[in-house]
Amino acid sequence: SKLAALFKHPLYKIPIPEVTEKDKLFIVNPMEKFSLHSSGSDKWVSSSKAETLLPTGKTAYDTYPTWLKFHVGINRYELYPRQDPLLPTLLRDLATQRIVSSVQKSGGTQLKLIMTFPNYGQALFKPMKQTRDQETPIDFFYFSDFERHNAEIAAFHLDRILDFRRIPPVSGRLVNITKEIWDVTTDKKLAKTFFISPAGNVCFYGECSYYCSTEHALCGKPDRLEGSMAALLPDKTLAKRRSWRSPWRRSYHKSKKAEWELNPNYCAQVRETPPYDRGHRLLDLIDMTILDFLMGNMDRHHYETFEKFGNDTFLLHLDNGRGFGTHSRDEPSILAPLQQCCSIKKSTYLRLQLLATQPYRLSDLLREALAADPLAPVLAEPHLRALDRRLGKVLAAVGHCLAR
């Protein structure tokens, strides 16, 4: 396994700083147990009311479902640890746990659903909108592109291979539209959009700003539909997040250009603007730029951080559905922050060099990681080959900076 060898490499063993209580997203009461009244109940009982005793040697933490352990493990430096024993279980839960509720997520331009499991875990479901080998048409603007379920799955694994670990875990899943969405939804607006197509397939389209109409309905075969299931982050009422506008945001206009596209010295003014004037925020943004260039994602207008940790923390790489749309061409403008600032973390640069070598070839690693997903093959081969080509271009960009 190339993947197992990669995670044993010294570059993937660089320790994070010591995590103190103030560096944890949540301070956990060690006596608080998680238990359900009964299999048919939706009540979460706290330790003061729970009547059952824990088996000998077990702690209250052992009663937590995997999604809650994931939330409790988040700290200032990482969303989840490198050698996280929870990850395989969490991915399996996302792919197999019974869905007890399904409602449309508000906001956003395209249809997304929030799925709830019997143990209160929740996942964000993005349905399949196009096949693996369909490329984004060359005349499409980035902001009118489809969001792809397989891009969300591939982005999670790519982010982990790059050792960023800033995307919540995502698994593919084959969903039964009738039993797992239509029959269990309490969302009246969503319920009104279900219909049976002339071919006898179950379809729905929801309500959103784009692609929510009968013409863009999502249809099963006859009621089976692929999608990505992403573990939800803790509720914003429990862990506030701050949204930051990216300095290299595109204009989202058909003819206007953004300032960074017109001013080659744009980075100088970014470096003088908080929070990019100190700490590692700018370097973290350049990490995100590299991830986006590798998967061809032009749609990174905002990013988020956990408010509790202030400016000294990692960036969350959320919403990656517009990645992996094209393999036959690359978008050099995505690399503008790297090229204009000529800055990169040494650890990131060393890992990128490693991923360009034969024993750890990036395309081979991602192919191996995605082979375990329930929807494998997740990416068409040309997308995997494009990763190696794009990695070469990132390393060339750093080479130009070093030469300057």
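Annotations for the structure displayed:
- Subset of the stretch 90-105 [in a loop (DSSP other than H, G, I, E, B), open to solvent by less than 50 Å² (accessible area, probe 1.4 Å) and more than 18 Å from residue 34 (Cα to Cα)]: 99
- Matching residues, the stretch 304-332, being open to solvent by less than 60 Å² (accessible area, probe 1.4 Å), closer than 23 Å to residue 243 by Cβ and among the charged types (D, E, K, R): 304, 322
- Cβ-Cβ contacts under 6 Å between residues 6 or more apart (or on different chains), taken from a first residue in the stretch 116-136 that is in a strand (DSSP E or B) to a second residue that is of a type outside the set (Val, Ile, Thr) and open to solvent by 50 Å² or more (accessible area, probe 1.4 Å), are listed as 116/122.
- Here residue 161 meets the list (1) among the hydrophobic types (A, V, I, L, M, F, W, C); (2) within 25 Å of residue 318 (Cα to Cα); (3) touching a Gly at 6+ places or on another chain (Cβ under 8 Å) almost entirely, failing just condition (3).
- Subset of the stretch 84-108 [in contact with a Leu (Cβ under 7 Å, 6 or more places away or on another chain) and either under 20 Å from residue 69 (Cα atoms) or hydroxyl-bearing (Ser, Thr, Tyr) (or both)]: 102
- Among residues of the stretch 143-202, those that are within 30 Å of residue 305 (Cα to Cα) and among the aromatic types (Phe, Trp, Tyr), counted: 4
Quick grid of which residues meet (1) within 17 Å of the chain's Cα centre (by Cα); (2) surrounded by fewer than 19 Cβ atoms within 10 Å (Cβ to Cβ); (3) closer than 16 Å to residue 321 by Cβ; (4) of a type in the set (S, T, N, Q):
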residue: 83; (1), (2), (3), (4): no, yes, no, yes
residue: 88; (1), (2), (3), (4): yes, yes, no, no
residue: 107; (1), (2), (3), (4): no, yes, yes, no
residue: 110; (1), (2), (3), (4): yes, no, yes, yes
residue: 127; (1), (2), (3), (4): yes, no, yes, no
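- Considering 131, 136, the condition of being open to solvent by 40 Å² or more (accessible area, probe 1.4 Å), among the hydroxyl-bearing types (Ser, Thr, Tyr) and modelled with pLDDT under 95 is satisfied by 131 alone.
- Qualifying residues in the stretch 20-35 (those that are within 25 Å of the chain's Cα centre (by Cα) and open to solvent by less than 50 Å² (accessible area, probe 1.4 Å)) - the one nearest to residue 241 (Cα to Cα): 25
- Entirely in the stretch 139-234, the strands (runs of 3 or more DSSP E) that have 2 or more residues that are surrounded by fewer than 21 Cβ atoms within 10 Å (Cβ to Cβ), in contact (Cβ under 8 Å) with a residue 12 or more places away in the chain and in contact with an Asp or Glu (Cβ under 9 Å, 6 or more places away or on another chain): 170-176
- Test: residue in the stretch 250-260 that is within 24 Å of residue 149 (Cα to Cα) and under 19 Å from the mean Cα position of the chain (by Cα): no
- Test: residue in the stretch 33-48 that is at pLDDT 95 or above, farther than 24 Å from residue 170 by Cα, in contact with a strand residue (DSSP E or B) (Cβ under 6 Å, 6 or more places away or on another chain) and aliphatic (A, V, I, L, M): no
- Subset of the stretch 333-345 [open to solvent by 20 Å² or more (accessible area, probe 1.4 Å) and within 13 Å of residue 290 (Cβ to Cβ)]: 339, 343, 344, 345
- Among the residues of the stretch 238-283, those that are in a helix (DSSP H, G or I), open to solvent by 20 Å² or more (accessible area, probe 1.4 Å) and touching a residue at least 12 places away in the same chain (Cβ under 8 Å) comprise 261, 266, 271, 283.
- Scope the stretch 346-404; condition in contact with a strand residue (DSSP E or B) (Cβ under 9 Å, 6 or more places away or on another chain) and surrounded by fewer than 20 Cβ atoms within 10 Å (Cβ to Cβ); matching residues: 374, 375, 376
The values are calculated or read from the model by the stated rules, or taken from the named source; none is laboratory data. Computed from a prediction, not measured in an experiment: that's the story for all the values here. Positions of Cβ are generated from backbone atoms using ideal geometry, with glycine treated the same way; all protein chains shown enter the neighbour counts. These area figures cover heavy atoms from the full protein model, side chains too; ligands, DNA and RNA do not enter into them. Shrake-Rupley method; radii C 1.70, N 1.55, O 1.52, S 1.80 Å.
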